[in-house]
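**Student:** Supplied in structure tokens, the structure appears directly below.
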Amino acid sequence: MSYQRVLLKLSGEAFADRESGRGLDPDAVQRIARQVAHVCRLGVETAVVVGGGNILRGAKVASSGALRASADYMGMLGTVINALALSDAVEQQGVETRVMTAIEISKVAEPFVRRRALAHLGKGRLVILAAGTGNPFFSTDTAAALRARELSCDVLLKGTKVDGVYTADPMLDKTAQRLPTLSHQEFLNRQLRVLDSTAVSLCQESKLPIVVFNLFDEGNIERVVRGDPLGTTIRS
């Protein structure tokens, strides 16, 4: 394996119905669970940060008149729903999990404590991290970069619906070209949108590499962890 400890960022759309992009699709959850469980069984210490956009987007709720802080807390609760769904599906695959949250919900998850999370990883458990940073106004991308640094991960993996970082949105611009590699600073200078700029800056400070890849091709998580040249690698 090229990486021994990884943090995988999954957006809410990974859990959603493919056509609507909303809701919680059991088949989608099972597809992710199979891949993640397989990587855990290979001996790779794995943490996952989940988004919640398939349930609710704080920014969208705020645009309709709600207070942004309140809307963001609603979004955090959406990530907990996804985390619990993934936990159940992965345990059905025979891999032990722990859901840890940045806001205290003791009935369903442990609070995030760095040393406790490291202990779970050391025991081969999948650690699923929900509720972002626990603070409004921060994206789950930023939460992923923060947790990757706290847990001393070798890489931040960003699973998306496209196969890397492009010069423009490939859904809108047919001339857009994929960038196999680029530096953190190049990413920031180009103002690319695949990842939150705050997250990239956090990774740049510690020279933490980021790999952006297509999550929806079955087996890609393992391929990335093995070091296959998939997607886009962002490094200093």
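**Student:** Counting other beta carbons within 10 Å of each residue's own, what order do Ile55, Ile210, Ile221 fall into, fewest first? All intermediate terms of the calculation are to be shown ahead of the outcome.
**Tutor:** Details: Ile55 20, Ile210 28, Ile221 24.
Neighbour counts put them in this order, fewest first: Ile55, Ile221, Ile210.
**Student:** Taking N as the number of residues in segment 116-236, what is its alpha-carbon radius of gyration divided by 2.2 N^0.38 Å?
**Tutor:** 1.08
**Student:** Let me ask another. Within a 10 angstrom radius of the beta carbon, how do Met74, Met1 rank from fewest other beta carbons to most? Before the final figure, lay out the partial values.
**Tutor:** Numbers: Met74 17, Met1 14.
Starting with the residue having the fewest Cβ neighbours, the order is Met1, Met74.
**Student:** What Kirkwood hydrodynamic radius do you get for segment 127-198 when you take the inverse of the mean 1/r over all pairs of distinct Cα atoms, in Å?
**Tutor:** 13.8 Å is the Kirkwood radius here.
**Student:** Taking the chain on its own, what percent of its Cα-Cα pair distances exceed 34 Å? Walk me through the numbers on the way to the answer.
**Tutor:** Working: 2210 of 27730 pairs.
Distances greater than 34 Å cover 8 percent of the Cα pairs.
**Student:** For Asp72, Asp17, what ranking results if the residue with the fewest other Cβ atoms within 10 Å of its Cβ goes first?
**Tutor:** The order, fewest Cβ neighbours first, is Asp17, Asp72.
**Student:** How much length is gained if the chain between Glu96 and Ser70 is pulled fully straight, taking 0.36 nm per residue apart and subtracting their Cα-Cα distance, in nm to one decimal? Please report the intermediate quantities before stating the final value.
**Tutor:** Values: separation 26, 0.36 × 26 = 9.36 nm, distance 3.30 nm.
Full-extension gain reported as 6.1 nm.
**Student:** Given an 8 Å cut-off on Cα distances and at least 6 residues of separation, report the relative contact order of the chain as a percent.
**Tutor:** Values: 500 pairs, mean separation 52.7, N = 236.
Reported relative contact order: 22 percent.
**Student:** By average Cβ neighbour count within 10 Å, what is the ranking of 44-50, 102-108 from highest down?
**Tutor:** Sorting 44-50, 102-108 by mean packing, highest first, produces 44-50, 102-108.
**Student:** Nothing charged except the Cβ atoms of Lys and Arg (+1) and of Asp and Glu (-1): what's the magnitude of the dipole of the chain about its Cα centre? Round to the nearest 20 debye.
**Tutor:** Value, rounded to 20: 440 debye.
**Student:** Next question. For Ile128, list long-range residues whose amide hydrogen, built 1.01 Å from N in the peptide plane, is under 5 Å from its own amide hydrogen.
**Tutor:** Those qualifying (amide H under 5 Å, at least 5 residues apart or on another chain) are Val48, Arg98, Val99, Met100.
**Student:** Lys123: which lysines have alpha carbons under 25 Å from its alpha carbon, excluding same-chain residues fewer than 8 sequence positions away?
**Tutor:** Counting by Cα, and skipping residues close in sequence, Lys123 has these lysines nearby: Lys9, Lys107, Lys158.
**Student:** At 27 angstrom or more along the helix axis (alpha-carbon based) and mean Kyte-Doolittle of -0.5 or higher, what helices does the chain contain? Whole DSSP H runs only.
**Tutor:** Long hydrophobic helices here: 68-92.
**Student:** Could you work out how far the C-alpha centroid of segment 8-47 sits from that of segment 48-110, in angstrom?
**Tutor:** 14
**Student:** On to the next question. Using only the Cα atoms, what convex hull volume per residue in Å³ does segment 28-141 have?
**Tutor:** Numbers: hull volume 10.6 nm³, N = 114.
Each residue corresponds to 93 Å³ of Cα convex hull volume.
**Student:** Identify the trypsin sites (Lys or Arg not before Pro) of segment 126-220 meeting these criteria: DSSP loop state and at most 14 other C-beta atoms within 10 Å of the C-beta.
**Tutor:** Of the trypsin sites (Lys or Arg not before Pro), the ones in loops of segment 126-220 whose Cβ has at most 14 other Cβ atoms within 10 Å are Lys161, Lys174, Arg193, Lys207.
Any read-out appearing in this document is the output of simple, stated calculations on the displayed coordinates, not a laboratory observation. Model, not experiment: these values are computed from the prediction. So basically every Cβ, Gly included, is an ideal-geometry build from the backbone, and we count neighbours across all protein chains shown.
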